[in-house]
1. Non-local amide H neighbours of A:Phe33 (under 5 Å, H modeled in plane, Pro and chain starts lacking H): which ones?
2. Taking θ as phi - 60°, what are the ³J(HN,Hα) couplings along the range B:111-127 by the Karplus curve (6.51, -1.76, 1.60), each to the nearest whole Hz, with x for Gly and Pro?
3. Give the average over all directions of the projected area of the C-alpha convex hull of the protein assembly as shown, one decimal, in nm².
4. Starting from 0.36 nm per residue, how many nanometres of slack lie between A:Asn85 and A:Arg50 once their C-alpha separation is accounted for?
5. Kindly identify the range B:94-158 as rounded, prolate or oblate by the Cα gyration tensor criterion: order the square roots of the eigenvalues as a ≥ b ≥ c, call it rounded if a/c is under 1.5, otherwise compare a/b with b/c, prolate if a/b is larger, else oblate.
6. Pairs of alpha-carbon atoms within less than 8 angstrom and 6+ residues apart define the contacts here; what relative contact order does the range B:11-158 have, in percent?
7. Taking amide hydrogens as modeled 1.01 Å from N in the peptide plane, which residues meet the under 5 Å criterion relative to B:Val58, leaving out close sequence neighbours?
8. Between helix A:12-24 and chain A, what is the angle of the helix's C-alpha long axis to the longest principal axis, kept within 0 to 90° and rounded to the nearest 10?
Amino acid sequence: MIGIIVATHGGFAAGMVDGMELLCGRQEKVVAFGLRIEDDLDAFAEEIIRKADELDDGDGVLLLVDFVGGSPANITGGLLAGRRNMEGIAGVNFPMLLEAINSRDEGTLKELTDQCKAVGRMGIIDIKERMEDMEKEDE
Amino acid sequence: MAEIALIRVDFRLVHGQVVVKWSKVAKVSKIIVINDVIAKDKTLKSVYKMAAPAGVKVLCYSFEKAMEKYKESRFGDGRVMVMFKDINDCYRAFKAGFDMPKLQLGNAPRGADKKPLSNEVYATGKEIELLKEMAKAGVDIVIHTIPEAAGVSFRKLI
């Protein structure tokens, strides 16, 4: 089973995982990391590597970080470059995390990564616009 | 000659506070990272280049190359933010003739022999001496981590 690590600023990662489990139930192999202002960056990175090693049963690990340019993305960017069985996406959102959980038994790590990127993008919707489109559909 | 809008010491270099806040407050088009380790490491370099906010270019120079570029044309054109990883590198640049009317201390980590200048900025006795020397020479040093919190003048702390 592909392991999922969510790493963000503050409690965002834990909050997202909490919300996800409300919908999907308790999950195995999902870990949230939240960077706090007082945290040591090297220690934070080491913890993520340790967790990734632990989660990887051969299927690999998908890392979801909050945004390119933030410390969670910066420190893990260097880690990802040297790891074969780990992929990373920046710009995690709730639809993306749900997709990661729901589809991680269905394909390879690379396929899951592509799928999560696509679903994350598609999940951003202007609600009023979408509702108007729906109304037009019936006309 | 580029206009140097902000000079900042931050051990995290181009990260959230800089990308989301300072680059916008200072309205810069370029961020120059001056650090020997990063300039030599292809992976780290691309991490920080990728970290650039939209419309902003990140350039990573070794200390030597940065001084060359500074003396040549002050980093070309546009508005620029200059970043150092630590106080020592910044002091080196100052001594090498880098014009520093104002210096921002953003983040410097805790350490065994360090004293806090704020909740986010820690300095060794040696580093405090370097800062004092710079302040005496006219550098307006401000401890300022995020724009939403007030900056504190280094002069007021010593």
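1. When sequence neighbours closer than 5 places are left aside, the close amide H contacts are A:Val6, A:Ala7, A:Thr8.
2. x, 4, 9, 10, 10, x, 9, 7, 5, 10, 10, 10, 9, 7, x, 4, 5
3. The directionally averaged projection comes out at 19.0 nm².
4. On the way: separation 35, 0.36 × 35 = 12.60 nm, distance 1.38 nm.
Taking A:Asn85 through A:Arg50 to full extension adds about 11.2 nm, to one decimal.
5. Oblate, since a/c reaches 1.5 and b/c is not below a/b.
6. 23
7. Those lying under 5 Å, H to H, from B:Val58 are B:Ile31.
8. For helix A:12-24, the angle is close to 60 degrees.
A short reminder: the numbers here are calculations on the coordinates, not readings from a lab. Owing to the predicted nature of the structure, the values given are computational and were not obtained by experimental measurement. Every residue, glycine as well, gets a Cβ built from its backbone with ideal geometry; the counts of neighbours run over all protein chains shown.
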